[in-house]
Amino acid sequence: MSDALDVFDRRESEVRGYVRAFPTVFDRAAGSTLVGEDGREYLDFFAGAGVLNYGHNNPLFTRALIEYLERGGIIHGLDMATSAKKAFIEAFERLVLEPRGLDYKLQFTGPTGANAVEAALKVARQATGRSNVIAFTNAFHGLSVGALAATGNSHYREAAGITLDDVTRLPYDGYLGADVDTLDLLEKMLDDPGSGVDLPAAVIVEAVQGEGGINVASVPWLQRLRAVTAERGILLILDEIQAGVGRTGAFFAFEEAGIVPDLVTVSKSISGSGLPMSLVLLRPEVDVWKPGAHTGTFRGNNLAFVSARAALENYWADTAFVDGVATKSALLAEELSAIAAEHPELGFVVRGRGLMYGLACDADRGLAGRISKLAFERGLIIETSGAHDEVLKFLPALTIADDELRRGLAIVRESLAAAIAE
Ligand SMILES: Cc1ncc(COP(=O)(O)O)c(C=O)c1O
């Protein structure tokens, strides 16, 4: 195995990350299975950190992409109008916006989540003429400088090399314990001229924090956050980059709260196929951009538009997909609760929604990492999250079969037993 990775160790920057956690050379993939160059199979509970909600190489998208390539469809188009982009916008309007009564303009940004966040923060600041933004503890919004200022984790912040300004940090739901409504503090600070918090342009929030440790904002908390921001003319940005596109059991993670954000960032699974693509959804009043004021060469990944449209048409035209996610979510939650109950001495906390779950262990913060490593040896890819990497993070494809889900959970059980025995 070390020989196979030699060139990466020799030539790839020290910044490389996942290759260290999952040290093999991957070659092929289908659904929830990855295959290494050495022919070894791995079950995937990671899904490209939320990019592969519909599984690897979903044949529905592969077919659409091959047909498009074979007919000579435009691949790169900056932000020019193309038939692939037109078909995507029409499908998004028909299958996502209209059924939910949402009226958003679509901004196609550069293809990373971070670029969508940069754009959302920039336009919120322009629209309000204010610079401060409120972000929450354990938030992850990306690593370019504007997005990084809103990201909480010091591991990433220390890499910036400059001061990260114009963001005020406040506690996320549950940060001060289950009995404290952290929005009391937010509201007080906004209304107290002595608080030292400048009236913000926006509040940016994840409905479920992925990288921050699978922390779930409650419905009443999100509803109150919407009310508090609306009353004060503060824009509300929902970062749906990881929790969106069905991950929590609805297209948008904020849907359950019945709120309408002013801006929404979408990326990762929006293209379905894993091809890079990002979007900002803007309420029309907030769309104060001047033409070309936020550009980027790769805003027109037409292959991504083709698979994104195929994903919407195949999975979001009725409720079958969402119903399937609900069934699998119940299975996952039940199994994780059983694992937690079997080990009261470890004080596991199970958190999550849909197919985005965490098994948190504060009593032994290295345990999740050890389980992840032992699981990899047993053929399961599963990562950790949280400020101390103390949360084992379950993010299987939404298309995973029940028996695959059970098989992966059995590997987690075995790996936990092995970690305890070590
Ligand atoms: C909620 C959230 N926002 C933003 C980002 C940044 O996306 P990208 O890594 O594509 O820049 C991520 C990535 O994990 C994320 O989870």
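Okay, here's what the table says:
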quantity	calculated
Spans of helices (runs of 4 or more DSSP H) in the range 72-167 with at least 2 residues over 30 Å from residue 187 (Cβ atoms), among the aliphatic types (A, V, I, L, M) and away from the ligand (no atom under 15 Å from the Cβ)	83-92
Count - residues of the range 278-296 that are within 16 Å of the ligand (Cβ to nearest atom) and on the phi < 0 side of the Ramachandran plot	5
Any hit, the range 235-256, residues being buried (at least 19 other Cβ atoms within 10 Å of the Cβ) and either assigned to a helix (DSSP H, G or I) or without any contact (Cβ under 8 Å) to a residue 12 or more places away in the chain (or both)	no
Filtered residues of the range 1-23 (kept if hydrophobic (A, V, I, L, M, F, W, C) and closer than 15 Å to residue 36 by Cα)	1, 4, 5, 19, 21, 22
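Yes/no per residue for (1) free of Cβ contacts under 8 Å to residues at least 40 places away in the same chain; (2) within 20 Å of residue 213 (Cβ to Cβ); (3) of a type in the set (Phe, Trp, Tyr); (4) out of contact with any Cys (no Cβ under 6 Å at 6 or more places or on another chain):
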| site | (1), (2), (3), (4) |
| --- | --- |
| 353 | no, yes, no, yes |
| 367 | no, yes, no, no |
| 372 | no, yes, no, yes |
| 385 | no, yes, no, yes |
| 397 | no, no, no, yes |
| 411 | no, no, no, yes |
| 421 | yes, no, no, yes |
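None of the figures in this text is laboratory data; all of them are computed from the coordinates on show. Treat the numbers as computed from the prediction; the structure is a model and nothing was measured. Reconstructed Cβ throughout: ideal geometry from the backbone, glycine too, with neighbour counts over all protein chains shown.
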